[in-house]
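Reading through the structure tokens given below for one structure.
The values are calculated or read from the model by the stated rules, or taken from the named source; none is laboratory data. Keep in mind that what you see is a predicted model, and the values were worked out from it rather than measured. Cβ: placed from backbone, ideal geometry, glycine included. Neighbour counts: every protein chain shown.
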Amino acid sequence: MRVIIELDAELASRRCARFVADLVRKEPNCVLGLATGSTPLLTYRELIRMHKEEGLDFSQVTTFNLDEYVGLSSVHPQSYRQFMQVNLFDHLNINPNGTNIPDGRALDFEAHCRQYEQRIHDAGGIDLQILGIGSDGHIAFNEPGSSLGSRTRLKTLTSETIRDNARFFGGEDKVPRLAVTMGVGTILESRRCILLAFGAHKAAAIRDTVEGSVTAQVTASALQLHREVVCICDEAAAGLLVRRAYYAEVERAQSLLEAGERTQLGIGNQLG
Ligand code: F6R
């Protein structure tokens, strides 16, 4: 896993937005996997700026969101559909028909989850998945104990997640108890993932994800099995990582490679 540690959430989000923008420029009809919550907000703000000021074109992009609360209609102010409209889609030239979010009011959830997986498959799979992380180490709503091979399905939220999200609903008793969520297995099939984390309250989850064992108790740790994951954190979220010096070395080498400074890395030198 590549670990990029930036000074603050602003710089980290700009870095994330650059990864997204590079892909959208290279493959205008790419498929993006998107997250909600407070973590991706600055990334979305930067993408909106790039669209407005630099002409970043989203007209051919398809998106799939990770999850949605069960019981909320798409126009409910706390629904993830509303979140995405207000914080991203309404400000881009994206085709509304190309934006996919699970339906929290589906009548037959089993069929709906199957169809959601099929839609991802029919779109050619997800090229780049953006992820936040819960303080208990969850990705999407794959709470601790979720199968690491799980697919899109209904999931019961933990009391920790309900507590974390109560601020948006004006009280724990108003937070839905269930969500429809992509599974860990679904996420692992994305071609690339970016895991974002900001703040000291995410430090333990990031430590367990990046440097802990792969375990269903920290579903984000399954990303260690993925072939292309970039974890972008701010200083606070990286606060408990032991191998920080090495991650910085890797980034230094990466920058030299990107700048074409190959000899400084010993490439082409005769060492012995
Ligand atoms: C939301 C999602 C969740 C959040 C996580 C962190 O679509 O998938 O896993 O990413 O709960 O939430 P924030 O960003 O609000 O700390």
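So for the stretch 13-21 (the condition being among the basic types (K, R) and within 12 Å of the ligand (Cβ to nearest atom)), does at least one residue qualify? Within the stretch 13-21 (the criterion being among the basic types (K, R) and within 12 Å of the ligand (Cβ to nearest atom)), the answer is no, since none of the residues qualifies. Note on the stretch 89-109: residues that are closer than 26 Å to E143 by Cα and aliphatic (A, V, I, L, M) total 3.
Only a single criterion out of (1) in a helix (DSSP H, G or I); (2) at pLDDT below 95; (3) of a type in the set (G, A, S) is not satisfied by S135, namely (1).
Scanning the stretch 55-102 for residues that are among the charged types (D, E, K, R) and farther than 21 Å from V184 by Cβ gives D57, R81, D90. Looking at the stretch 165-218, which of the residues that are over 26 Å from D122 (Cβ atoms) and of a type in the set (V, I, T) is farthest from the chain's Cα centre (by Cα)? Selected residue: V175. Go through I133, I120, I94 for me and flag whichever is within 15 Å of the ligand (Cβ to nearest atom) and buried (at least 16 other Cβ atoms within 10 Å of the Cβ). Only one candidate qualifies: I133. Screening the stretch 138-157 for residues that are among the charged types (D, E, K, R) and assigned to a loop (DSSP other than H, G, I, E, B) and picking the one that is farthest from the ligand (Cβ to nearest atom) gives R151.
Residue-by-condition table, conditions (1) hydrophobic (A, V, I, L, M, F, W, C); (2) in contact with a Pro (Cβ under 7 Å, 6 or more places away or on another chain); (3) under 27 Å from A106 (Cα atoms):
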{"residue": "V20", "(1), (2), (3)": "yes, no, no"}
{"residue": "T43", "(1), (2), (3)": "no, no, no"}
{"residue": "E46", "(1), (2), (3)": "no, no, no"}
{"residue": "R49", "(1), (2), (3)": "no, no, no"}
{"residue": "L56", "(1), (2), (3)": "yes, no, no"}
{"residue": "E68", "(1), (2), (3)": "no, yes, yes"}
{"residue": "P77", "(1), (2), (3)": "no, no, yes"}
{"residue": "F83", "(1), (2), (3)": "yes, no, yes"}
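Remark: pairs (first residue in the stretch 149-167, within 18 Å of G33 (Cβ to Cβ); second residue β-branched (V, I, T) and assigned to a strand (DSSP E or B); Cβ separation under 8 Å; 6+ apart in sequence or on different chains) = T152/V180; T152/T181; R153/V180; R153/T181; K155/V180; K155/T181.
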